[in-house]
Amino acid sequence: MSSESDKRRRFDTLVREFSTDLYRYALWLCNDPAQANDLVQETFMRAWRALDSLKEQKAAKGWLITILRREHARTFERKVPPLVDVDDVVIADESGQTPESRAEVNMLRQEIAKLPPKYREPLLLQVIGGYSCDEIAQQLGVTKSAVMTQLFRAREKLKVALSAPGGKTGNVHELS
Amino acid sequence: MNYLEFKRQLMVDPYSKDQDFLDAKGRDAEFAEAADEADAFEQSLQDALTVEVPPGLAEQIMLRTSIEEGLRDQPQVAQQKVVRPMWPQALAAGIFAAAVTAGVMSWQHATSAGGPGSMETFVVDHWQHHGDATLQQASTEFSSAQELRQVLASVGVEATEEFLRQIRYGANCPTPKGKGAHLVLNTEHGPITLFYAPKVESGTSRMSIDDVVAILVEMQSGSAALVGEEKDEDSMRKIGDMINENLRPMSTNT
């Protein structure tokens, strides 16, 4: 009985700690709030059923992201998402932003949504997940140098888009 | 680390804790300017990725696992319920008859109203035939806001946005007088079932059906019943008190 309540307590802690990041990750992965919600719900259902296999609490976030990515691949990757305006998809958390920074952030959102998944996903893992290049490589099953290239390209594309006419003016340095 | 390497690091991993990289940030004005520019970009990136999360997401997840856990234990409870010798004559007549008789007897104790075609009879009958199965379905299947609006519109009502978010599952069901709605609501303690019958009149009352309780509420049009475990009666009463404000007849000018 107490192990059941320990399990429940442990699980509830995971949900409170990681559901927000997981939802954001899922939303940027599939560009659809309803699918993102389903994905996160299903991820935690699977996590609940397999909680005994999580031995170290510090590995929990990576474990949950792995479940979510597999679930996404299993369920949603076969569906080709319709091309939608990101403004219709993303409910922005705009607290504390000036109108100028809001405009820049909105433009950035459009560009992030347009990034090919192979560039977008490492960026999400780094910025939302807080992972190092080594950890991202492990999570995605690619080499560290591939991750570094993808992260470089992702930022490069975003900066180029921001500095284009209509975007924020700024310098983009071409690096070899 | 030279300037070119530093710039590449800013593009690849500006969050790196590598000491060479951290030292380079303040090396001279050129390095510092590049670092500031990268910091500003990263801040915008973080702001862009920080999207609003649906309210109550964590609670919904915890509720869903609680329901699954509860349903896993339910067959044992059901078995105990059938074997328990509370109504010997009904047992002799068969398990199905026992369940129906028990339900009808217990609500007749609670209220003198009822009879064929009444809200009370409908609630007992519908709960015993569809209550558990619908809860089980609601543990794995969510209705979208659009689906819920359609179900509600088909019985002539609309829900406030807040109440709509509380509904996890909804479907139409037959009532003694036409179409009704069978909803499952999220509460902090567990799922609660709501039946709405737009053309069946009823007063406000409480009744027991086997191991659950039902609170009947008079609506502006027809009546509703909240069904849940006895421990959730307070939550049910709170929902019942607000139900006429949260579930209103559709405006006719739309």
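The values are calculated or read from the model by the stated rules, or taken from the named source; none is laboratory data. In this text, all values refer to a predicted model and were calculated from it rather than measured experimentally. Methodologically, a virtual Cβ is constructed for each residue, glycine included, from the backbone with ideal geometry; neighbour enumeration extends over all protein chains shown.
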Residues satisfying the stated conditions in the range B:222-241, i.e. under 14 Å from B:Thr204 (Cα atoms) and either touching a residue at least 12 places away in the same chain (Cβ under 8 Å) or touching a Lys or Arg at 6+ places or on another chain (Cβ under 9 Å) (or both) = B:Gly222, B:Ser223, B:Ala224, B:Ala225, B:Leu226, B:Val227, B:Met236, B:Arg237, B:Ile239, B:Gly240
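Report yes if B:Asn246 is under 17 Å from B:Glu147 (Cα atoms) and in contact with a helix residue (DSSP H, G or I) (Cβ under 9 Å, 6 or more places away or on another chain), otherwise no.
no
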Do you know which residues across the range B:10-36 are free of Cβ contacts under 8 Å to residues at least 24 places away in the same chain and either on the phi > 0 side of the Ramachandran plot or charged (D, E, K, R) (or both)?
-> B:Asp13, B:Lys17, B:Asp18, B:Asp20, B:Asp23, B:Lys25, B:Arg27, B:Asp28, B:Glu33, B:Asp36
May I ask you to list pairs of residues, at least six apart or on different chains, whose Cβ atoms are under 8 Å apart, with the first in the range B:138-160 being in the same structural domain as B:Met242 (by TED's automatic domain parsing) and the second being outside any strand (DSSP E or B) and among the hydroxyl-bearing types (Ser, Thr, Tyr)?
-> B:Val151/B:Ser143; B:Gly156/B:Ser221; B:Val157/B:Ser221; B:Glu158/B:Ser251
In the range B:191-235, residues that are part of a loop (DSSP other than H, G, I, E, B), within 21 Å of the chain's Cα centre (by Cα) and surrounded by fewer than 18 Cβ atoms within 10 Å (Cβ to Cβ) total 1
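Looking at B:Ala40, B:Ala58, B:Ala35, B:Ala48, which is the one that is among the small types (Gly, Ala, Ser) and either away from chain A (no Cβ under 12 Å) or over 29 Å from A:Thr20 (Cα atoms) (or both)?
B:Ala35
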Got at least one residue in the range A:32-51 being closer than 26 Å to A:Asp6 by Cβ, at pLDDT below 85 and in a loop (DSSP other than H, G, I, E, B)?
-> no
Limited to the range B:140-188, what total is found for residues that are among the polar types (S, T, N, Q), part of a helix (DSSP H, G or I) and in contact with a Pro (Cβ under 9 Å, 6 or more places away or on another chain)?
-> 0
Mind checking which residues of the range A:132-165 are farther than 12 Å from A:Glu121 by Cβ and among the β-branched types (Val, Ile, Thr)?
-> A:Thr143, A:Thr149, A:Val160
Which of (1) more than 9 Å from chain B (Cβ to nearest Cβ); (2) within 24 Å of A:Ala26 (Cβ to Cβ); (3) hydrophobic (A, V, I, L, M, F, W, C) does A:Val160 not meet, given it meets every other one?
-> (2)
B:Lys17 vs. criteria assigned to a helix (DSSP H, G or I) and under 22 Å from A:Val147 (Cα atoms) | no
Would you tally the residues in the range A:26-37 being more than 7 Å from every other protein chain (Cβ to nearest Cβ) and free of Cβ contacts under 8 Å to residues at least 24 places away in the same chain?
-> 1
Looking at (1) surrounded by 12 or more Cβ atoms within 10 Å (Cβ to Cβ); (2) at pLDDT 70 or above, which is the one condition that is false for B:Leu71?
-> (2)
Selection from the range A:52-71 of residues that are out of contact with any helix residue (DSSP H, G or I) (no Cβ under 6 Å at 6 or more places or on another chain), of a type outside the set (Gly, Ala, Ser) and assigned to a helix (DSSP H, G or I) = A:Asp52, A:Gln57, A:Lys58, A:Trp63, A:Ile65, A:Thr66, A:Arg69, A:Arg70
Output the qualifying pairs, or none if there are none: Cβ atoms under 7 angstrom, residues six or more apart or on different chains, first residue in the range A:149-160 and buried (at least 22 other Cβ atoms within 10 Å of the Cβ), second residue of a type in the set (Lys, Arg).
-> A:Gln150/A:Lys118; A:Ala154/A:Arg120
